[in-house]
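Only one structure is covered here, and it is reproduced in the block below.
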Amino acid sequence: MKTKCFLKTWELALLIALCAAALAGLWAERTHEEIASQMIRLHVLAVSDEETEQAVKLQVRDAVLAYLTPKLEGITDRDGAQACLTRELDGIAQAAERAAEGREVTVTLSEEFYPTREYDGFSLPAGNYTSLRVVLGEGEGHNWWCVVYPPLCVSAAEASRAAMETLDDGTAKIITESDGYVYKFKLLELWGMLTEKLR
């Protein structure tokens, strides 16, 4: 005896929704991996939210960027930048300590989760990135983050344009496109939080 199996409307709608979510998740993961594979983020955490500590955080940021700018000059890929940063961790720590006015400084290079972030002229999706992390004291204050490679933290338009040229065309277009990408990056953030919880 043959039996016919028909999906009810709500079952079909649920199946379509699950398929759409899976496809969106795959897109989100692939987009993030493409972007993250070309970048190293910079994360500076202040001792606390006191005005003085926030000012010191910015001094440390400036000192770290000033130290790294000549070291990273001429490097054309993320792997080269990561190797350079690994070699220079002690020098980065010393530069940060000089600017930290006696505060304890910890410098590491590791994977770190970042939320979706909008900068001046570009946006980056949430996800895990290789991160140069500079922590002052216990690091309980507001933080500052940007991209150390390519050097997108600099404010000069010429330097930012040159740094953007080190990214492939697809990635540069994704992070600088304003229409709709912030919303798509929010999807990446939700997907990243979901996958983090499932690990």
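The values are calculated or read from the model by the stated rules, or taken from the named source; none is laboratory data. Please read all numbers here as calculations on a predicted model, not as lab measurements. Backbone-built Cβ (ideal geometry, glycine too); neighbour counts: all protein chains shown. Heavy atoms of the whole protein, side chains included, go into the accessibility calculation; ligands, DNA and RNA do not. Shrake-Rupley method; radii C 1.70, N 1.55, O 1.52, S 1.80 Å.
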- With all protein chains present, the stretch 33-80 has a carbon and sulfur share of its accessible area (1.4 Å probe) in percent of 49
- Residues of the stretch 68-129: accessible area per residue at 1.4 Å, in Å²? 53
- Once Lys and Arg are counted +1 and Asp and Glu -1 for all other residues with Cβ under 14 Å from that of ALA81, the total becomes 0
